[in-house]
Amino acid sequence: MSMTFDDGTFIRSELVTPLPPPIRNVGIIGWMRENLFSSVLNTLLTLFGLALLVLIVPPMVRFALIDAVWTGENREACLDPGVGACWPFIRAKFAQLIYGFYPIEERWRPNIVFAAGAILLVPLLVPSWPMKRLNALLFFVVYPIIAFILLTGGNIDASSFLFQRFGLIQPITGDASLAGVNIAFWADFVLTALVAAALVGGIIGLIGGNALSAGRAVLLAFAGFGVLVLAWDIDFGLRPVETRQWGGLLVTLVIAVTGIVASLPLGILLALGRRSQMPIVRLLSIVFIEFWRGVPLITVLFFATYMLPLFLPQGANPDGLLRALVGVALFSAAYMAEVVRGGLQAIPKGQYEGAMAVGLTWGQMMRLIVLPQALTLVIPGIVNSFISLFKDTTLVLIVSIFDFLGQLRASFTDPNWATPVTLYTGFAFAGIVYFLFCFGMSRYSLFVERRLNTSHRH
Amino acid sequence: MSDLVEPAIGRSKTSFINDPKVRSIGLQLIALVLVVFLGWMFVDNARQNLAAQKIATGFGFLDNTAGFGISQTLVPYSETSTYGRAFLVGLLNTLLVAVVGIFFATIIGFFVGIGRLSKNFVVRLLSTIYVEVIRNLPPLFQILFWYLAVLSAMPSPRQSINLLGEVFISNRGIIVPRPVFEAGTGYVLWSFGAALLVVIVLHYWSRERRAETGRGLPMLPIGLGLMILVPFIAMAITGFPISLERPELKGFNFVGGVRVIPEFVALTVALATYTGAFIAENVRAGIQSVSHGQTEAAHSLGLRNGHTLRLVVIPQAMRVIIPPLTSQYLNLTKNSSLAVGIGYPDLVAVFAGTTLNQTGQAIEIIAITMGVYLVLSIITSVIMNVYNKRVALVER
């Protein structure tokens with residue numbers, strides 16, 4: 001295809017096809033030369049890393065899978081030298097690790113709680129699924145009440161309210177009760193609500209406000225509180241189970257979920273307080289937040305266990321788990337407050353000014369304009385503090401509440417399963433469980449972060 | 001029109017409880033009254049409860065004899081010492097774990113953080129696995145793991161693992177040689193101080209000379225040489241007053257040397273690796289915050305990779321790294337209270353644990369313990385803020 005002139009000159013009319021790049025610069029070899037062996041130091045690092053991988057990964061796989069014992073009734077199965085993980089130990093202790101000493105015939109109750117939690121949580125986490133508001137209401141308000149009734153058995157004895165202290169109600173109603181509900185208490189409760197509503201309405205009316213709406217607000221608050229107490233008061237025929245019998249993953253999840261459900265609203269309130277224009281409210285919020293953030297959770301749990309009973313009226317001796325829950329909730333609320341504050345600060349001032357300009361009240365502005373934006377912004381931060389809350393639940397074992405890790409530690413002492421590999425098997429299992437929970441949450445936060453980022457990309 | 005509207009704005013028909021000022025004052029008053037009432041209720045209840053349980057209040061118990069032993073003491077302490085002394089021992093133990101843990105966590109964090117960004121696939125993979133695994137396991141789990149599964153599984157002292165013939169690792173802890181100081185140690189220390197001073201002066205002089213002429217002294221060999229050679233000569237002259245007392249196996253245990261208790265090792269290793277993983281992520285974020293143009297510019301000036309990292313990238317990344325680093329240091333200090341889970345005698349275990357059980361002075365003891373951590377938090381954040389101000393961006 002070339003031209004040849006009369007004088008013999010040779011001119012190519014097209015380009016020569018380029019030679020392929022040297023084989024050492026492309027493909028796997030090229031990649032390895034570029035990335036793994038580009039310099040002496042890099043080569044050494046690669047070899048060192050590979051050696052480390054070879055040292056760690058195959059023995060772990062061999063321990064967990066290849067050399068592992070899968071069947072057996074007691075320690076005899078796992079006594080052979082060179083044996084790997086003793087999985088029958090986990091199978092034997094599995095129920096204990098999940099429920100603790102929750103009575104065996106009542107374990108359908110925690111099972112329902114677990115299932116309901118999963119059913120409500122999954123749709124809440126998928127961003128594209130509808131009815132978020134209803135879902136959130138169910139998960140954050142209805143679910144805790146139902147879970148409480150199912151797990152404890154409900155039928156908490158509500159004995160007296162305000163007026164009974166003066167001995168006013170009992171003579172009229174007597175000791176009558178209906179489905180486990182103490183009539184005297186509820187007569188007392190309704191009376192107190194009416195009196196409080198009348199009082200507040202009267203005062204507001206006297207200083208020129210809307211007496212009717214004030215009274216209505218008080219009545220509504222009482223009604224909401226009443227529904228809550230009523231749900232706990234009714235006798236559903238469930239056998240009461242003391243929290244001392246709870247344990248294992250059940251306790252871990254109860255603490256984590258209670259912490260999450262309680263810390264989010266509390267944290268939002270504290271963050272709003274810290275950003276408030278009112279100096280006293282701001283100061284109180286700052287002191288509260290910085291105090292809890294400055295002390296370790298252990299001291300908070302010690303505080304809740306040893307000091308709180310001293311601060312409560314004589315005879316009021318709250319349940320051990322409840323005390324720990326209060327401590328954990330306050331502690332994580334302080335951290336949540338800082339996360340939410342970050343979100344509030346990221347909202348441009350124009351949003352506040354726009355909301356005020358269209359005549360929204362402070363509450364409406366926060367509820368409809370600022371908080372929805374701020375909370376969406378900090379979802380990754382919120383999930384991260386949930387992760388650390390979940391990891392922190394292990395600390396309750398120090399105040400003798402047997403959570404998952406506590407149960408695991410207790411199961412090591414069983415002479416039936418005393419083998420050289422019991423300890424490692426237990427740690428491997430617990431490690432996998434904790435890792436799955438925490439890693440799952442962190443992946444979810446990454447997923448949300450990426451989803452949110454798309455709207456900000458230019 | 002405006003004449004008609006004007007007075008309506010001036011004298012509002014709405015009630016004064018809708019006035020934002022009145023509302024704000026009212027709300028704050030309610031908040032204050034609530035808090036004061038709550039506080040009063042707590043104090044009143046506490047007084048009644050204490051009276052009912054016949055617990056004396058006050059800090060007098062600190063002078064009573066403690067009567068319990070502590071397995072690791074940095075200052076002289078015995079069972080006849082006071083509770084105040086026990087408090088001091090616990091506090092020092094907490095600080096020891098915090099300082100050692102912070103030191104190692106920082107080193108781990110920086111190496112792994114840089115490794116997470118390495119071009120080398122194997123290094124990157126290992127760093128990522130490390131960070132993801134460690135960050136997603138509870139710290140108490142890791143402490144228990146190191147204590148029960150690693151250190152308790154070490155051989156007995158008779159079969160202990162021997163490193164370099166000097167360090168023995170067994171299930172009773174790590175035993176290292178104890179330095180023994182004889183007369184003449186003072187001269188050696190003085191000579192070391194003098195060498196250090198000379199090196200510092202030389203360093204500044206070299207820096208000035210480099211600024212003027214572009215050529216400085218090779219400070220690394222000079223500095224190291226001076227600091228090793230001078231004390232060595234001093235030791236040779238005074239007849240080697242510093243020696244090492246080697247641990248020896250006698251019977252079932254070691255005699256001589258310093259024993260580092262396994263609780264300390266487990267706690268420090270667990271906290272350093274745990275916090276190190278978090279620091280690594282901070283370091284990675286900090287380095288990524290330095291724009292790639294800086295690296296390219298440094299390369300085009302002819303700086304090598306190491307120099308680029310050390311002289312260009314890291315100084316700029318430090319600004320981003322320092323604030324979260326501070327909170328990681330605080331977290332490590334607070335997490336050191338998990339010591340109580342394995343029985344390391346830290347502040348919480350000794351004071352809020354044993355002392356509280358023996359005396360029952362819950363309010364005083366927990367207040368002191370919380371106060372100590374609050375003060376530690378404040379001190380750390382003040383120091384870090386000062387440093388932060390020094391490295392902060394100076395804008396034109």
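Select from the stretch B:119-138 the residues that are within 8 Å of another protein chain (Cβ to nearest Cβ) and either within 12 Å of A:Leu436 (Cα to Cα) or not aromatic (Phe, Trp, Tyr) (or both) and list them in ascending order.
The initial filter retains those residues of the stretch B:119-138 that are within 8 Å of another protein chain (Cβ to nearest Cβ), namely B:119-123, B:125-126, B:132-133, B:135-138.
Once the filter is applied, which keeps residues that are within 8 Å of another protein chain (Cβ to nearest Cβ) and either within 12 Å of A:Leu436 (Cα to Cα) or not aromatic (Phe, Trp, Tyr) (or both), the stretch B:119-138 yields B:Lys119, B:Asn120, B:Val122, B:Val123, B:Leu125, B:Leu126, B:Glu132, B:Val133, B:Arg135, B:Asn136, B:Leu137, B:Pro138.
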> What are the residue pairs meeting all of these: first residue in the stretch A:293-309, first residue under 13 Å from B:Ile368 (Cα atoms) and more than 7 Å from chain B (Cβ to nearest Cβ), second residue of a type in the set (Val, Ile, Thr) and part of a helix (DSSP H, G or I), Cβ atoms under 8 Å, and 6 or more apart or on different chains?
Replying inline: A:Val300/A:Val328
> Among (1) assigned to a helix (DSSP H, G or I); (2) surrounded by fewer than 17 Cβ atoms within 10 Å (Cβ to Cβ); (3) within 14 Å of another protein chain (Cβ to nearest Cβ), which single condition is A:Leu322 missing?
Replying inline: (3)
>> List pairs: first residue in the stretch B:276-305 and among the aliphatic types (A, V, I, L, M), second residue assigned to a loop (DSSP other than H, G, I, E, B) anywhere in the structure, Cβ distance under 7 angstrom, at least six positions apart or on different chains.
In response: B:Ile287/B:Leu117
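Give the stretch B:148-169 a look and list any residue that's assigned to a strand (DSSP E or B) and either surrounded by fewer than 18 Cβ atoms within 10 Å (Cβ to Cβ) or in contact (Cβ under 8 Å) with a residue 24 or more places away in the chain (or both), or say none.
Listed by number, the residues that qualify are B:Ile161, B:Asn162, B:Leu163, B:Val167, B:Phe168.
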>> Please go through (1) buried (at least 22 other Cβ atoms within 10 Å of the Cβ); (2) part of a helix (DSSP H, G or I); (3) more than 9 Å from chain A (Cβ to nearest Cβ) for B:Asn335 and return the number of the only condition it doesn't satisfy.
In response: (3)
>> Step by step: first the residues of the stretch B:192-228, then only those that are exposed (fewer than 12 other Cβ atoms within 10 Å of the Cβ), modelled with pLDDT of 80 or more and over 31 Å from the mean Cα position of the chain (by Cα), then the one that is nearest to B:Ile242 (Cα to Cα). Which residue is that?
In response: B:Pro221
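For every residue, the table says whether it meets (1) surrounded by fewer than 16 Cβ atoms within 10 Å (Cβ to Cβ); (2) assigned to a strand (DSSP E or B); (3) touching a residue at least 12 places away in the same chain (Cβ under 8 Å).
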residue	(1), (2), (3)
A:Leu47	yes, no, no
A:Leu53	yes, no, no
A:Pro58	yes, no, no
A:Asp80	yes, no, no
A:Ile112	yes, no, yes
A:Leu120	no, no, yes
> Of the residues that sit in the stretch A:22-45 and are touching a helix residue (DSSP H, G or I) at 6+ places or on another chain (Cβ under 8 Å) and not in a helix (DSSP H, G or I), which one is farthest from B:Leu125 (Cα to Cα)?
Replying inline: A:Phe37
>> Scan the stretch B:297-318 and tell me whether some residue there is under 19 Å from the mean Cα position of the chain (by Cα) and either assigned by TED's automatic domain parsing to the domain that holds B:Leu144 or on the phi > 0 side of the Ramachandran plot (or both).
In response: yes
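Residues that are at the interface with another protein chain (Cβ under 9 Å from one of its Cβ atoms) and among the aliphatic types (A, V, I, L, M): does the stretch B:68-88 have at least one? So that I can check it myself, show each step before the final result.
We begin by selecting, within the stretch B:68-88, every residue at the interface with another protein chain (Cβ under 9 Å from one of its Cβ atoms); these are none.
No.
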> Which residues, taken from the stretch A:91-110, are in contact with a helix residue (DSSP H, G or I) (Cβ under 6 Å, 6 or more places away or on another chain) and within 23 Å of A:Ile146 (Cβ to Cβ)?
Replying inline: A:Ile98, A:Tyr99, A:Gly100, A:Phe101, A:Tyr102, A:Arg107, A:Arg109, A:Pro110
>> Considering only the stretch B:135-147, I want to know if a residue exists there that is in a helix (DSSP H, G or I), without any contact (Cβ under 8 Å) to a residue 60 or more places away in the chain and of a type outside the set (S, T, N, Q).
In response: yes
> Quick check: is even one residue across the stretch A:255-278 part of a helix (DSSP H, G or I), touching a residue at least 60 places away in the same chain (Cβ under 8 Å), touching a Gly at 6+ places or on another chain (Cβ under 8 Å) and of a type outside the set (Gly, Ala, Ser)?
Replying inline: yes
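For every residue, the table says whether it meets (1) surrounded by fewer than 17 Cβ atoms within 10 Å (Cβ to Cβ); (2) over 25 Å from B:Arg47 (Cα atoms); (3) more than 10 Å from every other protein chain (Cβ to nearest Cβ).
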{"site": "B:Arg319", "(1), (2), (3)": "yes, yes, yes"}
{"site": "B:Ala349", "(1), (2), (3)": "no, yes, no"}
{"site": "B:Leu374", "(1), (2), (3)": "yes, yes, no"}
{"site": "B:Arg390", "(1), (2), (3)": "yes, yes, yes"}
> For B:Val340, are the conditions met, namely being facing chain A (nearest Cβ under 10 Å), within 23 Å of A:Phe288 (Cα to Cα), surrounded by 17 or more Cβ atoms within 10 Å (Cβ to Cβ) and at pLDDT 85 or above?
Replying inline: no
> Has the stretch A:331-344 got any residue that is away from every other protein chain (no Cβ under 11 Å), surrounded by fewer than 16 Cβ atoms within 10 Å (Cβ to Cβ) and closer than 22 Å to A:Met365 by Cβ?
Replying inline: yes
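Could you please find all residues in the stretch A:48-75 being out of contact with any helix residue (DSSP H, G or I) (no Cβ under 8 Å at 6 or more places or on another chain), of a type in the set (A, V, I, L, M) and either within 22 Å of A:Ile432 (Cα to Cα) or facing chain B (nearest Cβ under 9 Å) (or both)? I'd like the intermediate steps shown before the answer.
Quick first cut of the stretch A:48-75, residues out of contact with any helix residue (DSSP H, G or I) (no Cβ under 8 Å at 6 or more places or on another chain) only: A:48, A:51, A:54-62, A:65-67.
Add one more test, that the residue is of a type in the set (A, V, I, L, M), and what stays is A:51, A:54-57, A:60-61, A:65-66.
Within the stretch A:48-75, A:Val54, A:Leu55, A:Ile56, A:Val57, A:Met60, A:Val61, A:Leu65, A:Ile66 meet the criteria.
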>> Need a quick list: helices (runs of 4 or more DSSP H) entirely within the stretch A:360-412 having at least 3 residues that are within 13 Å of chain B (Cβ to nearest Cβ) and closer than 30 Å to A:Arg133 by Cβ.
In response: A:379-392
> Could you give every pair whose Cβ atoms fall below 6 Å, whose first residue belongs to the stretch B:34-55 and is touching a residue at least 24 places away in the same chain (Cβ under 8 Å), and whose second residue is assigned to a helix (DSSP H, G or I) and surrounded by 12 or more Cβ atoms within 10 Å (Cβ to Cβ), counting only separations of at least 6 or pairs across chains?
Replying inline: B:Ala46/A:Leu310; B:Ala46/A:Phe311
>> Based on this model, can you work out whether B:Leu91 counts as in contact with a helix residue (DSSP H, G or I) (Cβ under 6 Å, 6 or more places away or on another chain), aliphatic (A, V, I, L, M) and within 26 Å of B:Phe351 (Cβ to Cβ)?
In response: yes
>> Cβ-Cβ distance below 8 Å, separation of 6 or more or different chains: which pairs start in the stretch B:194-206 with a residue that is on the phi > 0 side of the Ramachandran plot and end on one that is modelled with pLDDT under 90 and in a helix (DSSP H, G or I)?
In response: none
> Out of all the residues in the stretch B:13-36, is one or more more than 40 Å from the chain's Cα centre (by Cα), at pLDDT below 65 and within 21 Å of A:Asn210 (Cα to Cα)?
Replying inline: yes
> Does the stretch A:89-108 contain at least one residue that is surrounded by 12 or more Cβ atoms within 10 Å (Cβ to Cβ), within 14 Å of another protein chain (Cβ to nearest Cβ) and under 30 Å from A:Phe236 (Cβ atoms)?
Replying inline: yes
> Which number in (1) facing chain B (nearest Cβ under 9 Å); (2) more than 22 Å from A:Gly259 (Cα to Cα); (3) touching a residue at least 40 places away in the same chain (Cβ under 8 Å) marks the one condition that A:Phe429 misses?
Replying inline: (1)
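The values are calculated or read from the model by the stated rules, or taken from the named source; none is laboratory data. Here the structure is a predicted model, which is why all the values come from computation and not from measurement. Backbone-built Cβ (ideal geometry, glycine too); neighbour counts: all protein chains shown.
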